[in-house]
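**Q** Let me give you the structure first, and then I'll get to my questions.
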Amino acid sequence: TSATIIAQQGINPANKLGYELVTDASTLAFGDEVIIVAKNYDKALGVSTSNITSQTNFPAVDIVKSGNVIYDVEDAGAVIFTLTDCDVDGKFALQFTHKTNSYYLYIGSTALKGYASLGNYTKLSIAVDSSSGVATIKNSASTTALVKFNGSSQKTFGAKKEADDDPTVVANDIAIDKKQK
């Protein structure tokens with residue numbers, strides 16, 4: 001692909017593995033490492049310095065997209081999620097490490113945070129629009145919420161009730177990038 005050719009021409013001189021845009025959710029599997037990025041910005045969901053279990057948003061960190069591949073996400077401070085089994089068919093938990101503890105991404109109706117155990121707000125469905133790469137990550141609770149990028153401030157990723165979602169606000173769209181193998 002053109003992204004591979006560009007990488008060989010010097011954008012990725014260390015020949016590192018990058019994170020590539022997911023355009024088909026069926027290619028995601030348990031054990032995959034993924035990052036959450038703003039679809040229309042060079043921003044990724046970053047590591048929080050606050051109390052991970054009581055916050056409402058995650059910071060956005062600067063990344064550089066090179067076609068459909070992103071390199072050096074660890075150096076940028078992006079959260080690396082591992083897709084894990086949550087014992088519900090068709091759903092994942094997004095597990096990550098903060099400091100020395102393991103957490104799951106919790107998507108409440110107004111809060112995005114880390115949670116120590118599995119529950120309705122950490123059992124997530126992931127869908128991807130194949131033509132645009134726009135991802136939808138929703139919890140499985142009765143008050144379904146989505147992960148969104150706060151495009152107006154360009155500083156945070158948060159949660160928003162699905163019923164409140166405005167499909168015309170494309171600046172809030174997210175994508176999922178999966179670590180290349």
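The values are calculated or read from the model by the stated rules, or taken from the named source; none is laboratory data. Everything numeric in this text was worked out from a predicted model, so none of it was measured. In this analysis, Cβ positions are derived from the backbone assuming ideal geometry, glycine residues included, and neighbour counts consider all displayed protein chains. For the accessible areas, the whole protein counts, side chains as well, though only heavy atoms, and no ligand, DNA or RNA atoms are used. Shrake-Rupley method; radii C 1.70, N 1.55, O 1.52, S 1.80 Å.
**Q** Anyone know which of 51, 101, 150 comes out most mobile in the 10 Å Cα GNM of the chain?
**A** Comparing 51, 101, 150 in a Gaussian network model of the chain, the most mobile one is 101.
**Q** Under the classification rounded if a/c is under 1.5, otherwise prolate if a/b is larger than b/c and oblate if not, where does segment 41-99 fall, given a ≥ b ≥ c as square roots of the Cα gyration tensor eigenvalues?
**A** Details: a/c = 2.30, a/b = 1.26, b/c = 1.83.
Oblate shape, in that a/c is at least 1.5 and b/c is the bigger or equal ratio.
**Q** How many percent of the accessible area of the chain is carbon or sulfur, using a 1.4 Å probe? Could you put the intermediate results ahead of the total?
**A** Details: 4150 of 8900 Å².
Using a 1.4 Å probe with all protein chains present, the chain comes out at 47 percent carbon and sulfur.
**Q** Select from 42, 87, 75 the residue whose mean-square fluctuation is largest in a Gaussian network model of the chain (Cα-Cα springs shorter than 10 Å).
**A** Checking each option, the largest mean-square fluctuation is seen for 75.
**Q** For the pairs 16/138; 148/179; 16/148, note any where the Cα-Cα span goes beyond 25 Å. Write down the numbers at each step before the final one.
**A** Values: 16/138 31 Å; 148/179 21 Å; 16/148 29 Å.
Beyond 25 Å between Cα atoms: 16/138; 16/148.
**Q** OK, next. Relative contact order of the chain: what whole-number percent is it, with Cα pairs under 8 angstrom and at least 6 residues apart? Don't skip to the end; give the middle numbers.
**A** Values: 425 pairs, mean separation 49.5, N = 181.
For the chain, the relative contact order is 27 percent.
**Q** Show me the chymotrypsin sites (Phe, Trp or Tyr not before Pro) within segment 67-132 that DSSP assigns to loop and that have at most 11 other Cβ atoms within 10 Å of their Cβ. Kindly include the intermediate steps, with their values, before the conclusion.
**A** Details: sites: 71, 81, 92, 96, 103, 104, 106, 115, 121; in loops: 71, 121.
Listed in order of number, the matching sites amount to none.
**Q** Starting from the Cα of residue 160, draw a straight line to each of the aspartates and glutamates and keep only those under 17 Å, dropping any in the same chain fewer than 8 residues away.
**A** 173
**Q** Spelling out what I want: for every residue of segment 67-77, take phi, set θ = phi - 60°, compute 6.51 cos²θ - 1.76 cosθ + 1.60 (Karplus), and round to whole Hz; glycine and proline get x.
**A** Listing the rounded values in order: x, 9, 10, 10, 10, 6, 5, 5, 5, 6, x Hz.
**Q** Given a 1.4 angstrom probe, what's the average accessible area per residue across the chain, in square angstrom?
**A** Values: 8900 Å² over 181 residues.
The answer is 49 Å² per residue.
**Q** Report the rotationally averaged projected area of the chain based on its alpha-carbon convex hull, in square nanometres.
**A** Details: hull surface 40.6 nm².
The Cα convex hull of the chain, projected and averaged over all directions, gives 10.1 nm².
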